[in-house]
Amino acid sequence: MLLSLTARRRFSDLTEQEIIALAISNEEDDARIYRTFAEKLRAQYPASAAVFDGMAEEEDAHRQRLIALHRIRWGDVIPLIRREHVAGHYHHRPVWLTENLSLDAIRAEAHQMEQTAGDFYTRAAMRTQDAATRKLLGDLAAAEAGHDERASALEAEHLSKDARETEEKTQQRQFILTWVQPGLAGLMDGSVSTLAPIFATAFATQNSHTTLLVGLAAAVGAGISMGFTEAAHDDGVISGRGSPIKRGIASGVMTALGGLGHALPYFIPDFWIATTIAAIVVFIELWAIAWIQNRFMKTPIPRAIVQVVIGGALVFAAGVLIGGG
């Protein structure tokens, strides 16, 4: 690692030829990134994929202009120099880390790429004395700064009103499949399945500390179990439900929170006060689940009430009866 750092060149030490070679390398990398974005989006967001195809073609055009300049000034042999060879030079997120980005996040990433590229050309133009080279670098800085307008033009060309509405619906559906659905399943499981053991323990022992320990164990154990189960049972490739890691996190965290909600009141030493607060929390949890079902899953409120509120109340009653007996 230290060898890698010491082997880097400072931008201020680069020759004009090396600056142009670095610019060529940057344009090649950016074009590849845009094409990677396009391929990722093509199946679900074909119109946005076409926009990124157009942006990749723009980067190819920039690269060709830079190569033509290099041939005129220095010949056909272009020095091998890349971003990672220059200390303090800007770096983009590795492409493999962008695979699970949402459409909006990809657009934001592209906007950041254009900004950093524009800054690079502005700095590069200040380092060169050749008039033609300085003009080209200045033109490219202006082109990168104007890519937002170009992207808007490409969106106007490829993203019709119907296409945009379709992509927004697809994005909303993907958000529900990746985050809301597994999170809701986890919240339901954590809130409802832990009711019986927690309240059975509470009424059997009438001891806040013991009930708290059982509640914490039940909530954390259920969260770990649900998280791993969600992540392992479906990789999302065929079902289209998105990243298994994201779904596992959503399911596991919400399961644990659902159980912790009515376990944490037992930090209160007074058993009856803790139990009263826990019962109120359960009531709020169940109605929150019913609201989420209605809001995101379009489940009618009466049906959600029967599925969640009444079902949860029955589990709660079972725990009380078992513990009291």
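Readers should treat all values here as calculations from the given coordinates under stated rules, not as data from a laboratory. Only a predicted model underlies this, so the values are computations on that prediction, with no experimental measurement involved. Glycine gets a Cβ as well: all are built from the backbone with ideal geometry, and neighbour counts include every protein chain shown.
Values computed for the structure shown
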quantity	calculated
Fewest-first sequence of GLU114, GLU39 by Cβ atoms within 10 Å of each Cβ	GLU39, GLU114
Neighbour-count order for LYS135, LYS246, LYS298, fewest beta carbons within 10 angstrom listed first	LYS298, LYS135, LYS246
Cα→Cβ-extended label distance, 7 Å offset, between ILE284 and GLU57, nm	5.6 nm
Solution diffusion estimate, µm²/s, Stokes-Einstein, the stretch 176-259, Kirkwood Rh from C-alpha pairs, 4 °C, viscosity 1.567 mPa s	100 µm²/s
Difference of contour (0.36 nm per residue) and Cα-Cα distance, LEU321 to ARG123	63.8 nm
